[in-house]
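Colleague: Okay, handing you the structure first.
Since every read-out is calculated from the coordinates, none of them should be taken as a lab result. Predicted, not measured: the structure shown is a model, and the values here were computed from it. As a convention, Cβ positions derive from the backbone with ideal geometry for all residues, glycine included, and neighbour counts pool all protein chains shown.
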Amino acid sequence: MIEGAGDPGLYDWPSQHAQLTWPGGKSVAVWVAPNLEYYEIDPPAHPRRKAWGRPHPDVVGFSHRDHSNRVSHWRMADVMTKHGFPGSVSLSVALCQHHPEVVQDAAARGWEFFSHGIYNTRYAYDMAEEQERAIIEDSIRTVRASTGQSIRGWLAPALTHTPRTLDLIAEYGLDYTCDLYHDDKLVPVKTKTGDLVSIPYSLEVNDHYGFFVYNMSGRDYAETLIRQYERLAAEPGSVMCIPLHAYLIGQPHRIGPFEQALKHIAADGRAWIATAGEIVDAWKAGRTLP
């Protein structure tokens with residue numbers, strides 16, 4: 001055995017997938033995850049990671065992302081609403097104070113909220129347990145006060161974790177995590193207390209990766225979404241997540257191809273278009289193992 005190369009033991013292998021058909025006889029559950037985020041222009045420095053590529057304050061990086069909260073959130077949200085796609089919001093909870101009108105718009109559309117931490121410029125690396133608990137408690141309290149909803153899910157801020165993150169969110173009663181990218185179906189997660197489910201999120205069809213990592217055009221990205229959908233729709237019980245950032249997908253030159261991808265999925269007939277919470281509930285109610 002290679003020292004230090006053990007499996008973290010978060011989930012079973014081989015996979016024990018539930019054999020199920022989604023409501024309405026649909027073969028694939030589709031959910032859209034708009035990341036409604038807040039980035040500080042001059043965040044406190046973290047020894048492991050720089051928040052911005054440029055020296056602080058990074059006016060360029062901040063203002064690029066602030067396009068979400070001024071313009072492109074509404075452009076993205078209107079297209080989603082037009083084609084019947086509710087949002088399951090990955091929320092930087094500080095947005096409730098900094099741009100409450102964005103949160104209120106999402107709530108008025110009937111969107112679901114889960115936590116993406118407080119700020120997307122604060123990282124969990126080396127965080128003490130009491131600090132991590134305080135962030136979870138703040139998320140629960142603030143989202144409830146702002147929207148009336150109790151958060152059920154978690155996506156770590158800037159995808160940063162501690163070894164105890166999944167145990168803690170389960171302890172606080174959250175029932176799904178978006179932080180594991182290991183499967184195309186829902187999978188139980190092993191935690192010290194409580195039940196936790198991994199719902200498929202995606203890095204591969206995340207618009208951030210599409211535009212910043214894979215250098216796709218808007219048309220390339222839309223075609224990728226359609227290819228992803230077509231394959232998963234042919235594999236019953238699968239889940240497709242479309243993670244979005246409005247300052248990227250809501251740009252004028254990208255929103256048209258994105259709308260065509262949503263139109264394709266909505267018209268196909270095999271998709272159950274739902275929120276993350278609805279998908280978790282249906283999975284819990286309908287799962288039977290082989």
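Colleague: For Cα extents along the principal axes in Å, pick the label among [x] 53, 48, 42; [y] 78, 67, 35; [z] 84, 54, 32 that corresponds to the value derived from the coordinates.
Modeller: Only one option fits the structure, namely [x].
Colleague: A further question follows. Using the Karplus curve 6.51 cos²θ - 1.76 cosθ + 1.60 with θ = phi - 60°, work out ³J(HN,Hα) for each residue of segment 274-279 in order, rounded to whole Hz, and write x for Gly and Pro.
Modeller: Calculated HN-Hα couplings, in order: 8, 8, 4, x, 5, 5 Hz.
Colleague: Hey, can you rank 212-223, 194-205, 83-94, 151-162 by average C-beta count inside 10 Å, highest first?
Modeller: Peptide ranking by packing, descending: 83-94, 151-162, 194-205, 212-223.
Colleague: On to the next question. Quickly work out the residue 134-to-residue 63 label distance, labels modelled 7 Å from Cα along the C-beta direction, and quote it in nm with one decimal.
Modeller: Calculated label separation equals 3.4 nm.
Colleague: Right, another one. Roughly what % of DSSP beta bridges within the chain run antiparallel, to the nearest 5?
Modeller: 20
Colleague: Moving on. Ordered by packing density, taken as the mean number of other Cβ atoms within 10 Å over each peptide's residues, highest first, how do 259-265, 57-63 rank?
Modeller: 259-265, 57-63
Colleague: So, one more: If I take every Cα pair under 8 Å that is 6 or more residues apart in segment 30-285, average their sequence separation and divide by the length, what percent do I get for the relative contact order?
Modeller: RCO, segment 30-285: 24 percent.
Colleague: When we measure straight from the Cα of residue 26, which lysines land under 26 angstrom away, once same-chain ones fewer than 8 places off are left out?
Modeller: 82, 185, 263, 284
Colleague: Provide the gained length on full extension for the span residue 164 to residue 21, in nm with one decimal, where the gain is 0.36 nm per separating residue minus the Cα-Cα distance.
Modeller: Stretched out fully, the residue 164 to residue 21 stretch lengthens by 48.1 nm.
Colleague: Something else: If we count every other residue with Cβ under 12 angstrom of residue 192's Cβ, Lys/Arg +1 and Asp/Glu -1, where does the sum land?
Modeller: Once all neighbours under 12 Å are counted, the net charge is -1.
Colleague: Rounded to whole Hz and in sequence order, give me ³J(HN,Hα) for segment 185-201 from the Karplus expression 6.51 cos²θ - 1.76 cosθ + 1.60, θ = phi - 60°, writing x for Gly and Pro.
Modeller: For segment 185-201, the Karplus-derived couplings read 10, 5, 9, x, 10, 7, 10, 5, 9, x, 9, 9, 10, 8, 9, x, 9 Hz, x marking Gly and Pro.
Colleague: According to the Cα gyration tensor, what semi-axes, each the square root of 5 times an eigenvalue, does the equivalent ellipsoid of segment 65-128 have, listed from largest to smallest in whole Å?
Modeller: 24, 13, 10
Colleague: Return the Rg/Rh ratio of segment 85-213 with Cα-based radii and a Kirkwood Rh.
Modeller: 0.95
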